[in-house]
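Structure first, then comments.
The values are calculated or read from the model by the stated rules, or taken from the named source; none is laboratory data. Being a predicted model, the structure only gives us computed values, none of them experimental. No Cβ is skipped: glycine too gets one built from the backbone with ideal geometry, and neighbour counts run over all protein chains shown. What goes into the accessible areas is simple: the full protein's heavy atoms, side chains included, and nothing from ligands, DNA or RNA. Shrake-Rupley method; radii C 1.70, N 1.55, O 1.52, S 1.80 Å.
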Amino acid sequence: MSSGVLERGPESMAADVYRPRVATVLETRGEIAAHGASRAVVTLSLERDGLVYRPGQFLEVGVFGVGEVPISISSPPGLADTLMLTIRAAGYTSSLLTRMRPGDRVGVRGPCGNGFPLERCAGQDILFVAGGIGLAPLRGLLWELLLDRRRYGRIVVLHGARTPHDLLYPWQWPEWKCLGVEMMLSVDAGDRAWQQQDDPPRVVGFLPSLFPRLDLDPARTLTFLCGPPVMIHIACGELAAKRGYRPDRLVATLERHMKCGIGKCGHCVVVDRYVCMDGPVFAYDELQAMARIEPPW
Ligand SMILES: Cc1cc2nc3c(=O)[nH]c(=O)nc-3n(C[C@H](O)[C@H](O)[C@H](O)COP(=O)(O)OP(=O)(O)OC[C@H]3O[C@@H](n4cnc5c(N)ncnc54)[C@H](O)[C@@H]3O)c2cc1C
Ligand code: FES
């Protein structure tokens with residue numbers, strides 16, 4: 001039996017699941033400029049238009065006449081009028097989205113997927129493990145927790161990226177710190193000047209090299225992870241096997257290749273699960289069961 005992170009499917013999805021709603025871009029923010037092999041990352045703020053969603057759900061975002069891509073909502077439901085999407089220019093459609101300007105229009109279908117189990121967070125310590133742009137879906141949840149900070153215990157964010165330049169949302173870290181978020185950083189490659197700063201504390205190495213610095217009680221900690229599949233695999237494995245974190249308290253969100261986002265096309269299927277409907281959020285015990293038959297989640 002699965003740990004049932006959340007029940008399947010978005011009850012809030014529009015009746016006509018195939019027809020996109022037209023949303024106007026209100027604002028854009030360049031998060032990361034393209035450099036070397038790294039692609040640009042941009043946050044679009046869209047009209048929310050009353051959309052009801054959970055942190056961890058995603059939208060199928062369309063460029064008219066071109067195509068649609070699944071993108072997580074990176075703002076919290078508690079933010080009244082705006083919907084934020086943080087997008088990396090991975091291919092053609094996502095690159096066009098990163099070049100949108102205020103007043104441009106996009107298509108939006110959803111929300112899709114199950115989202116994070118927000119109701120399990122009350123009274124718990126919360127650990128976020130975010131590789132690269134994986135901080136985007138986690139930010140929606142983190143921000144939602146910070147809107148009602150007293151309901152939660154310690155909040156620790158471990159964020160890793162390839163270089164210091166690829167770390168996400170540095171403009172927001174001071175605000176998070178003021179609200180009691182404890183943050184630690186890792187980069188695969190960083191120079192001496194970067195290493196010599198200590199606010200937030202940091203290491204040069206892969207994200208799990210921060211784990212020895214964790215002083216949370218695994219029994220009262222709920223962990224949320226997002227990043228490349230190999231990172232999730234290694235991080236969950238180490239937290240569970242070496243550090244006593246229970247697999248059903250390690251909650252990851254997966255980025256599988258998707259088309260329809262609503263359980264029709266089968267592109268996202270792993271074993272007997274539709275990642276677009278049963279996920280993209282799964283607990284590590286569910287992922288382990290899925291990987292028993294098909295490893296590359
Ligand atoms: C549930 C979900 C949430 C996502 N949230 C975000 C987000 O918040 N921000 C963001 O920038 N991206 C997110 N992605 C990834 C994003 O959907 C892909 O980068 C996008 O679909 C690429 O489409 P494209 O047409 O621009 O490029 P393509 O030409 O289709 O692909 C360009 C490159 O991206 C890879 N790619 C394509 N689709 C995916 C995918 N679904 N997941 C991972 N890699 C992919 C391809 O293998 C290729 O290397 C999410 C994906 C999923 C499934
Ligand atoms: S993306 Fe089509 S079934 Fe999941």
Amide H to amide H under 5 Å from D104: which residues, 5+ apart in sequence or cross-chain, H placed 1.01 Å off N in plane? V25
Accessible area expressed per residue, the chain, with surrounding protein chains retained (probe 1.4 Å, Å²): 45 Å²
Estimated distance in nm for a label pair at Q288 and L147, the labels positioned 7 Å out from Cα along Cα-to-Cβ: 3.4 nm
From the phi of every residue in region 203-208, what ³J(HN,Hα) in whole Hz does the Karplus formula 6.51 cos²θ - 1.76 cosθ + 1.60 yield, where θ is phi - 60° and glycine or proline is x? 9, 9, x, 6, 3, x
Would you check the accessible area of F58, probe 1.4 Å, heavy atoms only, in square angstrom rounded to 10? 10 Å²
Within the chain: Cβ-based charge dipole about Cα centre, in debye rounded to nearest 20 (Lys, Arg +1; Asp, Glu -1): 160 debye
Find how many whole Å separate the alpha carbon centroid of region 169-245 from the alpha carbon centroid of region 72-102. 24 Å
Whose amide H sits under 5 Å from the amide H of H267, counting only residues 5 or more places off or on another chain, with H placed in the peptide plane? K259, C260
Positive end of the charge dipole of the chain (Lys, Arg +1 and Asp, Glu -1 on Cβ, about the Cα centre): tell me which of G237, V66, G131 has its Cα farthest that way. V66
May I ask you to evaluate 6.51 cos²θ - 1.76 cosθ + 1.60, the Karplus curve with θ = phi - 60°, for each residue of region 227-239 and list the ³J(HN,Hα) values in order in whole Hz, giving x for glycine and proline? x, x, x, 5, 5, 4, 4, 5, 5, 4, x, 5, 5
From most to least accessible, 1.4 Å probe, no ligand or DNA/RNA atoms counted, H233, H159 line up as H233, H159
Y274, Y284, ranked by accessible area, largest first (probe 1.4 Å): Y274, Y284
Could you give me the ³J(HN,Hα) list for region 64-76, computed from phi with Karplus coefficients 6.51, -1.76, 1.60 and θ = phi - 60°, whole Hz, x at Gly and Pro? 4, x, 10, x, 10, 9, x, 9, 5, 7, 9, 10, x
May I ask you to give the percent of accessible area on region 117-207 that is carbon plus sulfur, with a probe radius of 1.4 Å? 55 percent
